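Have a look at the structure below, then the notes.
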Amino acid sequence: MIRASGLTKRYGEFTAVAGIDFAVARGESFGLLGPNGAGKSTTMRMISATTLRSGGDLRILDRDPDTHGPEVRAHLGVVPQEGNLDTELTCAENLYVYGRYFGLSRRFLRPKVDELLAFAQLEDKRDVKVDALSGGMKRRLTIARGLVNEPEILLLDEPTTGLDPQARHILWDRLFRLKEQGVTLVVTTHYMDEAEQLCDRLIVMDRGRIMAEGSPQTLISEYSSREVLELRYGTGRNAEVAAQLEGIGQRMEALPDRLLLYVDDGEAALEAVVGRGFHPIASLVRRSSLEDVFLRLTGRSLVDE
Amino acid sequence: MITQLVFASAVEIAERRSGRRGASVYAGRPWALIQRNLFALRTSNALVFFSGFVEPVFYLLAFGFGLGNVIGSVHEAGGPRVSYAAFIAPALLATSAMNGALADSTWNVFFKMHYAKFYNAVMSTSLGALDTALGEIGWAVIRGLAYAIGFLAVVSPLGLVHSWWALLAIPAAGIVAFGFAAAGMAITSYLTSHQQLNWVNFLLLPMFLFSGAFFPLDRYPWFAQQVIHALPLWQAIAMLRSLMFGELDIALLGHVAYFAVFIVVGVTFTTRRLNALFLR
Ligand SMILES: Nc1ncnc2c1ncn2[C@@H]1O[C@H](COP(=O)(O)OP(=O)(O)OP(=O)(O)O)[C@@H](O)[C@H]1O
Ligand SMILES: [Mg+2]
């Protein structure tokens, strides 16, 4: 469906995407993870044929988006990170007019608009101008708008940012159903639970490069341990205790507020810690998550150039 | 026979043009944008749309019938002797077409481009940059034409139209509006701030005052006349005067050619710029 090799995007001197390779198969749901500025949205825009690449190769359904823009875009549903609904129109008109941009007929669009308003749970806002919607409602309408042309590939750039938990779960459910119908999903997100829920396979990007690739499960087993033991000794003592716990678990991270021990068996590790005479104020054993992988790969500090 | 309702999908529609020349910038649907603008007009204050058209009418009443009483009749070299009101009416018709065309192609386009992110959304569908350019410019032409027709409807009962050729003034006003709309959108698409747009607007005032709308150009020195002849508003006024006075000559073709160049250059640059901005 999508094949990228050496895909590169430069803005002047600055390289936003530095030669990445990936492929997405039909019906797959593919995730792009990475810290702010990693180049996720830039990659999405190149796939959606709204930004020309500056190097490498990209094929969407065997077509080059740079030379076959309109044709490629007819296959795609795009939900951009930045909302760009038509604020001068009502909800229903937004969907209808967007469908007209694709050349879809009135008779096709009339029931389609109703169906999508129901999908976005905005039936009672049908004739309300977009300006008067809440942030989450706008987001839902944007997602519905991306479906108006019944796309084979749906590109979602941070789809659930700003949604309440109910709306988030409903959206996941809808996306699952689309996936079952064979729609290919490409998603960027900052929510690791969302990535674990939605993505069959994902890449972690940082500064325009791919740091890791795989399914959520393989990434966790590859880059993290099975379990994580979190220990708190109070901000003053954490560093001091950390030095005394060498050798327990595969890896340790000392944060100002807590210690993280990456281990296979959390309970056993906790016993070992207590055995050395360090009773924590609080402790927690949990499963290792994608978030641990993410932080390990991209670091804990904010890197905003 | 069973008739099944099968609609063409977005992909089928897009693939109809596949391989054709210009398929990467043109999908053959500028109408989609015009329809969108009609929707937006319906929900916006329609008064705003029509308010622009009264300005030239006020000029006509104040100057044509106020000042006109003092001046009497006017005669431009090569033209007939007419009342002052009849002299400025074609010029104000040209100005109506210009105002209507520029209202949409400058301020509205600037707003859509920089605040509403409108073209980002349009260009992520299977429309191309040329569809977008033609749709937006076409809408501005419709507004220019609406102003021009409104103006004609007001002045005809006043006895200021002397020839059946004046009917041709409507398509001519359309050509004028097209030229201004294309140039207006092309220029606006290169602007990055409000101030620059204000400057462009500021230049329109001297063009309006010195393009021979209010007095015959033969009062100016030769050199100044040549400069003014190069201005689009003078071209528009000269074209509409000759039609409204029923005095057709070969110069008409020159004016049409002048605007044809404006249209082609304007549409080309707008398309390029939209491509550069939104498909970068
Ligand atoms: N139009 C542009 N012109 C210049 N630089 C740009 C442009 N768009 C993006 N960049 C730069 O490219 C880099 C990657 O941006 P991008 O939007 O792809 O990041 P992202 O991974 O989506 O981040 P976020 O999680 O914050 O959305 C950033 O450093 C950004 O400043
Ligand atoms: Mg982004």
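Accessible surface for B:Lys117 stands near 70 Å², nearest 10, in the context of the full protein assembly shown (1.4 Å probe). If r is the Cβ-Cβ distance from A:His279 to A:Asp164 and R0 is 45 Å, what FRET efficiency results, to the nearest 0.05? The calculated FRET efficiency here is 0.65. Per-residue accessible area (protein heavy atoms, 1.4 Å probe) orders A:Glu291, A:Glu222, B:Glu247, A:Glu230 as A:Glu222, A:Glu291, B:Glu247, A:Glu230, starting from the largest. Note on B:Gln195 and B:Ala153: the extension gain reaches 11.5 nm, defined as 0.36 nm multiplied by sequence separation minus the Cα-Cα distance.
Cα centroids of the stretch B:133-204 and the stretch A:34-113: 33 Å apart. Counting only heavy atoms of the protein chains and using a 1.4 Å probe, A:Phe14 has close to 100 Å² of accessible surface.
Per residue, how much accessible surface does chain B expose to a 1.4 Å probe? Answer in Å², no decimals.
Ligands and nucleic acids excluded, the result is 46 Å² per residue.
A simple spin-label model places pseudo-atoms 7 Å from Cα toward Cβ; at B:Val48 and A:Glu222 they are separated by 5.3 nm. Within the listed set A:Ala25, A:Ala118, A:Ala243, the residue fluctuating most in the Gaussian network model of chain A (springs between alpha-carbon atoms under 10 angstrom) is A:Ala243.
For chain B, modelled as a Gaussian network with Cα springs under 10 Å, which listed residue fluctuates most, B:Leu243, B:Leu33, B:Leu197? Most flexible of the set in this elastic network: B:Leu197. The A:Ala25 and A:Gln250 beta-carbon pair, evaluated with R₀ = 30 Å, returns a calculated FRET efficiency of approximately 0.35.
Beta bridges assigned by DSSP with both partners in the protein assembly as shown are antiparallel in approximately 70 percent of cases.
Here B:Trp164 and B:His75 are evaluated by their C-beta separation; at R0 = 22 Å the FRET efficiency comes out at 0.45. When every alpha-carbon pair in the stretch A:2-215 is counted, what percent end up more than 31 Å apart? Cα-Cα pairs in the stretch A:2-215 separated by more than 31 Å: 18 percent. Here B:Phe208 sits with roughly 20 square angstrom of accessible surface, probe radius 1.4 Å. When the residues B:Trp199, B:Trp234, A:Trp172 are ordered by accessible surface, computed with a 1.4 Å probe over the protein chains alone, the sequence from largest down reads B:Trp199, B:Trp234, A:Trp172. Shielding value for B:15-26 is 3, the average number of Cβ atoms from other chains within 10 Å of each residue's Cβ.
DSSP beta bridges fully contained in the stretch A:2-215 are about 55 percent antiparallel.
The values are calculated or read from the model by the stated rules, or taken from the named source; none is laboratory data. Keep in mind it's a predicted model, so treat the numbers as computed, not measured. As a convention, Cβ positions derive from the backbone with ideal geometry for all residues, glycine included, and neighbour counts pool all protein chains shown. To get the accessible areas, we keep the full protein, side chains included, count just its heavy atoms, and leave off ligands, DNA and RNA. Shrake-Rupley method; radii C 1.70, N 1.55, O 1.52, S 1.80 Å.
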